[in-house]
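A quick write-up on the structure given underneath.
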Amino acid sequence: MSQATTKTQRRVSWFEATARQRLAALLDPGSFTEFLGPAAREISPHLALFSLPAQFDDGIVIGKAKLRGHEVFAAAQEGRFMGGAFGEVHGAKLVGLLRAAKAASRDAVLLLDTGGVRLQEANAGELAISEIIRAIVDLRTGGHSVIGLIGGRAGCFGGGGIIAGCCTRLIVSEPGRISVSGPEVIETNRGVEEFDSQDRALVWRTMGGKHRYLTGGADCFVDDDTAAFRAAAIENLAGRTPLTVSVLEAEQARLKARLRRFGTAKDGSEVWQALGVTNPASVPGMDTEEFLNAVRAVRESADDAR
Amino acid sequence: MTHDELLSKLFPASHNVIVQDGLVFGGGTLGGSQPVHVIGVAERSFLGVEGAIALAKHVLSAVKGTARHPILVLVDSRSQHMSRHDELMGLNEFLAHLAKCLLLAAAQGHRTVALLYGGSAAGAFIATALACDTLLALPGANPEVMDLPSIARVTKLPLEKLQEMAAATPVFAPGLENFAQTGAVAQTLDPAGDLAAQVLEALSRPPASDERDRLGAERGGRPRAAEIATKVCREAKTA
């Protein structure tokens with residue numbers, strides 16, 4: 001790529017991009033080798049029972065590639081297919097990739113874009129999430145990093161959120177929502193007084209990328225731009241340390257401190273106020289640069305206690 | 001089986017297991033011979049941020065001790081606590097923290113065994129029972145991802161139709177038998193037999209690695225998972 005084209009390159013939205021477009025923009029050009037690609041036609045054996053169409057990659061693209069010359073294993077969920085949800089084949093592809101990364105001594109990058117478990121194959125999906133968590137911990141205790149990238153249209157919900165919490169580092173953009181119970185799930189179970197899922201601003205203030213970055217739920221906040229995700233992934237892969245008991249002790253202290261400090265807050269804006277953000281009400285409207293400048297000094301950093 | 005009945009069968013001599021706000025903490029001597037740490041969720045409680053961190057703390061203090069006693073996780077829960085407060089605090093990190101603590105404990109040489117004797121669902125299930133090396137269950141246990149009426153609502157299928165489909169495949173419907181077939185449950189214990197002896201027997205057989213997908217293939221509840229993961233590993237090696 002020449003200097004001239006780099007300069008005139010247009011911003012490409014991570015949110016709007018497909019899983020394959022994200023991988024192409026994230027990884028070194030031409031370096032991606034897909035495993036069990038669409039030609040293998042490994043489709044879900046369960047969707048037909050529900051008269052639902054299958055997809056040849058079951059909504060996840062996995063393989064190996066280079067990230068600024070560094071060999072990595074990568075997986076990207078396709079949020080447009082079944083909401084990026086974990087089914088049997090989808091989940092097993094990621095389990096296999098993480099086990100293969102361990103065998104090959106490689107770091108992994110996970111482009112998470114998921115509503116959680118695919119209900120049509122719920123038990124298989126739930127179990128796959130547990131196997132993924134185990135494989136991530138295995139990889140990390142062996143000294144390898146697992147970097148999560150979150151900014152897709154399906155967000156990162158349900159068991160996907162728990163997987164995110166097991167990554168070494170998390171990179172988010174503003175549309176990247178991370179939670180276990182999604183807005184609709186809370187509203188359905190607890191009523192609209194507890195959570196109005198139609199209130200988009202409330203959703204962002206409770207589980208959006210800015211809130212997660214402010215409270216240490218994510219490590220890096222970037223523009224909704226594939227180039228920004230690439231730069232952040234390169235930066236966050238470097239120099240990580242293994243997952244140990246001391247890391248978990250530090251995480252325990254960090255999460256306890258969060259509950260102590262913000263546990264009585266009713267709304268994200270109250271948390272931001274308590275953090276010392278000068279004008280919390282203006283946070284949702286800030287662009288990335290303004291936001292980072294306004295919060296850098298006061299945000300809670302996870303400091304690798306994850 | 002109630003929590004108290006379970007404890008008296010597991011720990012015939014004595015134990016110091018307590019239940020506090022639906023959370024289980026303590027220890028005992030399993031079958032009068034094997035000291036174990038105990039954590040868990042009781043009384044069909046939801047697991048939220050405060051509960052997850054309290055359980056994780058207990059696991060970490062077990063790991064910091066010198067003895068590598070097994071950790072027994074007794075589970076009768078509901079799902080994760082679904083609330084604005086829990087999500088505002090970052091419930092995903094708290095549940096992940098608990099799961100990581102259990103997995104690191106296993107990596108440090110503790111046997112981690114869960115005994116599911118009641119309900120469990122969704123995120124609470126992932127962070128407790130499913131994060132142990134071995135999951136045992138008692139008949140009558142009811143693990144689920146989501147109940148059938150809720151699945152009906154989300155998938156927009158009539159409940160009667162779903163019930164019909166549930167009888168034909170173990171892959172989506174709630175229940176112990178369905179989860180056992182997918183490989184989640186290593187063994188269902190015999191409640192009429194000596195429970196402590198059965199748990200001790202399971203403790204003596206640590207799995208070498210995560211065998212749940214292979215088990216699911218053998219039992220027919222997850223026909224493809226093990227094969228897919230193996231294929232990926234093979235392609236990765238040759239690519």
Query raised in the report: Quick check: anything in the range A:45-63 of a type outside the set (S, T, N, Q), farther than 26 Å from A:SER130 by Cα and touching a helix residue (DSSP H, G or I) at 6+ places or on another chain (Cβ under 6 Å)?
Result: no
Query raised in the report: Quick one: which of B:ALA236, B:ALA226 is hydrophobic (A, V, I, L, M, F, W, C) and within 20 Å of B:LEU130 (Cβ to Cβ)?
Result: B:ALA226
Query - Pairs where the first residue, in the range A:277-306, is under 30 Å from A:GLY143 (Cα atoms) and the second is among the small types (Gly, Ala, Ser), C-beta under 7 Å, 6+ apart - result: A:GLU300/A:GLY216; A:SER301/A:GLY216; A:ALA302/A:GLY216; A:ALA305/A:ALA250
Report task. Determine which member of the set A:ARG200, A:ARG134, A:ARG205 is within 21 Å of B:ALA124 (Cβ to Cβ) and of a type in the set (Lys, Arg). Result -> A:ARG134
Requested in this report: Search the range A:210-252 for residues being among the acidic types (Asp, Glu) and assigned to a helix (DSSP H, G or I), and hand back the single one that is surrounded by the most Cβ atoms within 10 Å (Cβ to Cβ).
Outcome: A:GLU251
Requested in this report: Residues being surrounded by 23 or more Cβ atoms within 10 Å (Cβ to Cβ), within 12 Å of another protein chain (Cβ to nearest Cβ) and in contact (Cβ under 8 Å) with a residue 12 or more places away in the chain: count how many of those fall in the range A:134-145.
Outcome: 5
Query - Residues that are small (Gly, Ala, Ser), in a helix (DSSP H, G or I) and in contact with a Phe, Trp or Tyr (Cβ under 8 Å, 6 or more places away or on another chain), drawn from the range A:80-123 - result: A:GLY96, A:ALA100, A:ALA101, A:ALA104, A:ALA122
Query raised in the report: A:ILE60: of a type in the set (A, V, I, L, M, F, W, C) and touching a His at 6+ places or on another chain (Cβ under 7 Å), yes or no?
Result: yes
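Out of the residues in the range A:19-61 that are polar (S, T, N, Q) and at pLDDT 95 or above, which is nearest to A:ALA103 (Cα to Cα)?
Let us first name the residues in the range A:19-61 that are polar (S, T, N, Q), namely A:21, A:31, A:33, A:44, A:51, A:55.
Next cut, at pLDDT 95 or above only: A:21, A:31, A:33, A:44, A:55.
Working: A:GLN21: 27, A:SER31: 20, A:THR33: 17, A:SER44: 26, A:GLN55: 28 Å.
Looking at the filtered set, the residue picked out is A:THR33.
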Query raised in the report: Which condition number in (1) crowded, with 24+ Cβ neighbours inside 10 Å; (2) within 10 Å of another protein chain (Cβ to nearest Cβ) is the one that B:VAL75 fails?
Result: (2)
Query raised in the report: Give me the pairs: first residue in the range B:128-151 and free of Cβ contacts under 8 Å to residues at least 12 places away in the same chain, second residue outside any loop (DSSP other than H, G, I, E, B), beta-carbon distance under 8 Å, and six or more apart or on different chains, which are they?
Result: B:PRO149/B:LEU159; B:SER150/A:THR188
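Taking the range A:102-120 as the search range and keeping residues that are small (Gly, Ala, Ser) and more than 8 Å from every other protein chain (Cβ to nearest Cβ), which one is nearest to A:ILE136 (Cα to Cα)? Lay out the reasoning, then the answer.
Of all residues in the range A:102-120, those small (Gly, Ala, Ser) come to A:103-105, A:108, A:115-116.
Those left that are additionally more than 8 Å from every other protein chain (Cβ to nearest Cβ): A:105, A:108, A:115-116.
Values: A:SER105: 13, A:ALA108: 9, A:GLY115: 20, A:GLY116: 17 Å.
Ranking the qualifying residues of the range A:102-120, first place goes to A:ALA108.
Mind telling me which of the residues B:GLY220, B:GLY183 ends up being surrounded by fewer than 21 Cβ atoms within 10 Å (Cβ to Cβ) and either free of Cβ contacts under 8 Å to residues at least 24 places away in the same chain or within 25 Å of A:LEU94 (Cα to Cα) (or both)?
From the options B:GLY220, B:GLY183, the qualifying one is B:GLY220.
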Query raised in the report: Is it the case that the range B:55-62 has a residue that's in contact with a Leu (Cβ under 9 Å, 6 or more places away or on another chain), hydrophobic (A, V, I, L, M, F, W, C) and over 26 Å from A:VAL185 (Cα atoms)?
Result: yes
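Checking the conditions here, which among A:GLY69, A:GLY79, A:GLY83, A:GLY30 is farther than 21 Å from A:ALA135 by Cβ and free of Cβ contacts under 8 Å to residues at least 24 places away in the same chain?
Values: A:GLY69 fails: free of Cβ contacts under 8 Å to residues at least 24 places away in the same chain; A:GLY79 fails: free of Cβ contacts under 8 Å to residues at least 24 places away in the same chain; A:GLY83 fails: free of Cβ contacts under 8 Å to residues at least 24 places away in the same chain.
The conditions single out A:GLY30.
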Query raised in the report: Tell me, which residue of the range A:17-60 that is outside any loop (DSSP other than H, G, I, E, B) and of a type in the set (S, T, N, Q) is surrounded by the fewest Cβ atoms within 10 Å (Cβ to Cβ)?
Result: A:THR33
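Taking B:ALA42, is it at pLDDT 95 or above and either within 11 Å of chain A (Cβ to nearest Cβ) or at positive phi (or both)?
Numbers: at pLDDT 95 or above: yes; either within 11 Å of chain A (Cβ to nearest Cβ) or at positive phi (or both): no.
When the stated conditions are applied, B:ALA42 does not pass them.
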Query - From the options A:LYS93, A:LYS64, residue that is under 24 Å from B:THR169 (Cα atoms), modelled with pLDDT of 95 or more, surrounded by 23 or more Cβ atoms within 10 Å (Cβ to Cβ) and among the charged types (D, E, K, R) - result: A:LYS93
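Any idea which of A:ASP225, A:ASP199 is modelled with pLDDT of 95 or more and within 14 Å of another protein chain (Cβ to nearest Cβ)?
On the way: A:ASP225 fails: within 14 Å of another protein chain (Cβ to nearest Cβ).
Of A:ASP225, A:ASP199, the one residue that is modelled with pLDDT of 95 or more and within 14 Å of another protein chain (Cβ to nearest Cβ) is A:ASP199.
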Report summary line: For the range A:254-306 the number of residues that are in contact with a Leu (Cβ under 7 Å, 6 or more places away or on another chain) and surrounded by fewer than 14 Cβ atoms within 10 Å (Cβ to Cβ) is 1
**Report entry** Residue count, the range A:271-296 (criterion: within 25 Å of the chain's Cα centre (by Cα) and under 15 Å from B:HIS85 (Cβ atoms))
**Finding:** 1
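The values are calculated or read from the model by the stated rules, or taken from the named source; none is laboratory data. Just so it is clear, the structure is predicted and the values come from calculations on it, not from any experiment. Cβ: placed from backbone, ideal geometry, glycine included. Neighbour counts: every protein chain shown.
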